[in-house]
Every structure is written in C-alpha cells, then in structure tokens.
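S.K.: Please read through the structure below; I'll follow up with questions.
The values are calculated or read from the model by the stated rules, or taken from the named source; none is laboratory data. For clarity, every value in this text was computed on a predicted model and none was experimentally measured. Here the Cβ is made from the backbone with ideal geometry for all residues, glycine too, and neighbour counts use every protein chain on show. Side chains included, ligands, DNA and RNA excluded: accessible areas come from the protein's heavy atoms. Shrake-Rupley method; radii C 1.70, N 1.55, O 1.52, S 1.80 Å.
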Amino acid sequence: MKAFLLATASVALMAGGALAQDYSAPPSYGSVNLNAGFTPDPYNVNITSGGSIPASNVSGECRGWVANAPDYSVNYSAGGYDLTIGATSSSDTTLLVNGPNGEWYCDDDGGQGLNPLVQLNNPRSGRYDVWIGSYSQGDYASTVLSVSEIGLTQGNSNTPNTYAPATFGSANLNSGFTPDPYTVNVTSGGVRSARAMSSSCAGWIADAPDFSVNYSAGGYDTLTIGAVSNSDTTLVVNDAYGNWYCDDDSGNGLNPLVTLANLASGRYDIWVGSYSEGDYATSVLSISEIGQVAGSRPPAVNLPQQPPQSGINMSAPAAYGTASLRSGFQPDPYRVNITSGGGYRADSVESGCAGWVASAPDFELTYTAGSLPLIISAASNSDTTLLINGPNGVWFCDDDGGNAGLNPAVRFDRPMSGVYDIWIGSYSQGNNATASLSISELYSE
C-alpha cells in the first residue's frame with residue numbers, strides 16, 4: 001500500500017436539489033466492489049472528464065460540467081476507515097458524488113493544484129456514484145479516478161506524481177501474460193531530477209509516470225522492467241507496495257534494468273529517464289516475468305533469412321486500454337489520448353492502408369450496437385492514419401477522411417456488436433505524435 005498524508009477537502013453536502021444527473025443509469029466506465037481494507041490502495045481507474053450538464057443543477061456550490069450517467073460506481077463495504085475519492089488530471093476537473101443515502105457531495109480544488117477531492121468521514125456501506133466534471137464546458141480530459149482509505153496526495157517536492165495519468169498509457173497484466181516481454185514505445189526524459197529523490201537515482205524524468213502496469217501476481221518470483229534506446233536512459237519504478245527503485249546502466253550498454261522480487265498485485269508506475277538534461281529519446285520499455293528485454297540481445301549471425309512478418313498482433317493487450325460502450329453512450333465523443341505510430345507498415349495486413357503502426361493495438365473497444373452509426377476518428381497536429389480490425393475480422397483503414405486537415409476517420413453505418421481493435425498510425429515512419437482517439441455516434445474529428 002502506498003502510504004501518503006491525508007489531504008482534507010472542503011466538501012459541500014446537499015440533501016436535495018434540482019437534479020439532472022441520473023444515478024440509476026449504468027456507469028459509463030464501469031463499477032467495482034471494494035471492502036474495507038482493500039488492496040491495492042488507492043484503487044485507480046482511467047476516465048474521461050466532462051459532459052454537457054452543469055453540476056450546479058445539483059447545487060449552486062457545485063462546479064463544472066458533467067455527464068448524465070455516472071462515470072463510475074463504487075459498491076463499498078465500510079469497516080472503520082474514512083473514504084477518500086479524488087481525481088488527477090492535467091486539466092481543471094471537479095467531482096460530484098452521490099452517496100448510499102442519496103447525499104450529494106461536490107468539490108472543485110480540494111486536492112493538489114486544480115485537482116478535486118472528497119473526504120467522507122465514517123462512510124456508510126453502499127453505492128457511491130461518481131461523476132468527474134470539467135471546470136470548462138467542452139473540455140474532455142484524461143483523468144485518473146482514485147479511491148482510498150489511507151488518503152490521497154500527489155507526493156512531495158522530491159518525488160514525481162504517482163497519481164497523474166501515465167503519459168504513454170497503461171496495461172493490465174496477469175501473471176503468465178503473453179507476449180512476454182510486453183513492450184511499449186515511450187519517449188524518455190523530463191524536467192525533474194531523479195537524483196532529488198535519492199543519490200542512487202540518476203537522470204531526468206517527467207512528473208507523470210511514462211507507463212503504468214496494473215499487475216496481478218501469480219506463479220512468478222520476479223518482474224523485470226527494462227528500457228532500450230540509442231541514448232543513455234535511466235529507470236525509476238514505484239511498486240505496488242509504494243517502494244521506489246532506480247537504475248542507470250544495469251542492462252546492456254547504457255540501458256537501465258530493474259528486477260523486482262516479492263511481487264504484490266497492484267499498480268507499478270514507471271518512468272524512463274534521460275541521463276542528460278534536455279535529452280528526449282525514443283525508447284522501448286519492456287515488462288517481463290522471464291527476464292527478457294526486447295531489443296537487448298545482439299543480432300543473430302549466419303542464420304537463414306526469414307520472410308518478413310507483419311508484426312501486428314491483435315491478441316496483444318491494447319497499449320492505451322480498453323472500453324465497453326453501449327449505443328447511446330455518454331459522453332459522446334468518448335476520447336482517449338494516444339501516441340501515434342510504430343515500427344510496422346499498415347499495408348502489411350491490408351493493401352492500400354497507409355502509415356506506420358505499433359504491434360499491439362493502441363485501443364480495444366467492445367461495442368454493443370444499436371440503431372446509430374459508429375464513427376472512429378483521430379485528431380492530431382500531425383499526419384495520422386487509422387487501422388481497425390472489426391468484430392468479424394475484417395480490416396478497415398483511412399488516411400485523411402476526417403472532418404479537419406489530415407485527420408483520419410472510419411464510419412460504420414451499420415456497426416456490428418463486438419470487439420474493435422484500433423491502431424492510430426503515423427503517415428511518416430518515426431513520427432510519433434500525440435493524438436486523440438475519438439469514438440462517437442454523432443461525428444468525426
């Protein structure tokens with residue numbers, strides 16, 4: 001468990017009001033059952049903030065814009081602990097909570113900075129419906145919702161922010177996961193000195209984690225985390241117990257490597273640093289239970305040439321997460337921040353497709369179709385492409401079919417229910433750009 005000091009919020013409690021939020025609606029991002037003493041603590045889930053309804057409909061003391069349906073529901077069995085609910089985002093977000101007895105709680109900036117936080121003393125057992133709002137109308141921001149019995153803060157001046165959304169996404173890995181190693185492309189470096197944490201740490205890292213792994217421990221004794229780059233990189237890892245680990249050159253050459261023992265199930269936050277300040281280098285992060293690091297072995301010699309493979313792996317876990325959406329979902333569009341591109345040509349799986357994509361899907365959508373069309377698009381300042389594998393195994397792709405500039409879009413007028421694996425590609429090889437994936441039944445980006 002991560003031990004942090006409790007940050008007490010100013011919370012408004014209302015018994016009623018002119019309500020527009022429908023707490024009877026299914027939560028857009030799911031639900032969880034938590035019993036007192038739950039681990040890992042905090043429990044975290046990725047959510048997109050915002051909506052079209054002013055939170056002030058509940059009370060004039062509430063701020064921001066929220067969706068109609070709850071974003072998330074917590075079914076909580078109380079047991080002598082206080083309960084803290086908070087949200088962390090790079091945007092200005094707010095919180096709205098409906099408790100088991102119908103009480104309403106809201107907060108704007110009770111956490112660190114512009115992050116909201118609601119503290120419930122002597123909480124009741126029952127269902128807590130949670131909305132994460134955006135202070136500004138039309139702002140839909142990637143946010144981490146956190147639920148804790150030990151309190152929430154965002155660390156101190158010497159440590160990075162373990163509650164910020166991971167810049168390059170997250171993955172849920174169960175013991176025995178395949179493929180092993182699990183890999184993801186990240187960009188190293190940042191403006192925070194890792195040495196400020198400890199003299200054993202080196203390099204410059206970002207404030208937010210580069211990647212987060214929600215790991216379910218099983219039959220393996222160790223977890224190996226490594227990074228491979230043409231530059232001199234470092235590693236900082238915060239494990240499920242809240243312990244910090246650092247490394248500089250324990251891998252091959254100037255590559256870092258951290259091996260963790262006594263594994264616990266929970267969240268592992270990872271930072272890939274650059275040894276030199278101002279160096280931002282493309283790096284391959286690897287997570288392995290068998291001690292392998294992708295790209296670290298010397299190339300084989302005198303072996304017969306093998307025909308090239310597409311390298312695109314639909315069965316790999318989606319690098320930036322998953323979502324289950326039912327026709328009529330809110331908010332619409334559902335957005336996810338993704339880094340485009342990868343090392344594989346999109347036309348290796350379907351002739352006529354453009355761009356370079358990663359091996360694993362960037363995002364996996366499980367969709368329950370209705371009478372509305374399904375529109376998947378991407379928005380970026382760069383030239384991006386789309387590659388989608390539909391529920392019936394058919395490939396779809398687009399380059400510039402969106403509504404603006406070089407944005408891609410694929411429209412399914414009569415969508416099927418099932419799983420859609422989605423890649424956002426970069427038209428030019430090596431151009432890894434920040435992009436917003438949009439899933440909508442109304443319009444494309």
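The rows are residues; the columns are (1) open to solvent by 20 Å² or more (accessible area, probe 1.4 Å); (2) at pLDDT 90 or above; (3) under 20 Å from P179 (Cβ atoms).
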{"site": "N313", "(1), (2), (3)": "yes, no, yes"}
{"site": "S348", "(1), (2), (3)": "yes, no, yes"}
{"site": "G390", "(1), (2), (3)": "no, yes, no"}
{"site": "G401", "(1), (2), (3)": "yes, no, no"}
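Each row is one residue, and each column tells you yes or no for (1) at pLDDT 90 or above; (2) over 28 Å from S286 (Cα atoms); (3) crowded, with 17+ Cβ neighbours inside 10 Å.
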position	(1), (2), (3)
S359	no, no, yes
T368	yes, yes, no
L374	yes, yes, yes
C397	yes, yes, yes
N407	yes, yes, yes
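S.K.: Same structure again: Scan segment 409-419 for residues that are more than 17 Å from A435 (Cβ to Cβ) and either surrounded by 21 or more Cβ atoms within 10 Å (Cβ to Cβ) or of a type outside the set (S, T, N, Q) (or both) and jot them down.
M.R.: R411, F412, D413, R414, P415, M416, G418, V419
S.K.: Restricting to segment 214-240, name every residue that is farther than 19 Å from Y275 by Cα, among the hydroxyl-bearing types (S, T, Y) and assigned to a strand (DSSP E or B).
M.R.: Correct list: Y215, S216, T224.
S.K.: For segment 264-293, which residues satisfy the criterion of being in a loop (DSSP other than H, G, I, E, B) and open to solvent by less than 30 Å² (accessible area, probe 1.4 Å)?
M.R.: Result: A264, A281, E289, V293.
S.K.: Taking interchain pairs and intrachain pairs at least six residues apart, which have beta carbon atoms under 7 angstrom, with the first residue in segment 198-223 and in contact (Cβ under 8 Å) with a residue 40 or more places away in the chain and farther than 23 Å from Y182 by Cβ and the second open to solvent by 20 Å² or more (accessible area, probe 1.4 Å) and part of a loop (DSSP other than H, G, I, E, B)?
M.R.: Going by the 7 Å Cβ cut-off, the qualifying pairs are A202/D248; A202/Y275; W204/V191; W204/E277.
S.K.: Working only within segment 324-356, note down all residues that are within 21 Å of S90 (Cα to Cα) and not in a loop (DSSP other than H, G, I, E, B).
M.R.: Selection gives Y334, R335, V336, N337, I338, T339.
S.K.: Let me ask another. If we keep just the residues of segment 129-144 that are open to solvent by less than 10 Å² (accessible area, probe 1.4 Å) and hydroxyl-bearing (S, T, Y), which is modelled with the lowest pLDDT?
M.R.: Only one residue tops the list, namely T143.
S.K.: Please list, ordered by first then second residue, the pairs with beta carbon atoms under 9 Å, 6 or more apart or interchain, first in segment 234-254 and farther than 14 Å from P209 by Cβ and open to solvent by 70 Å² or more (accessible area, probe 1.4 Å), second at pLDDT below 90 and of a type in the set (A, V, I, L, M).
M.R.: Y241/M1; Y241/A264; N252/V293
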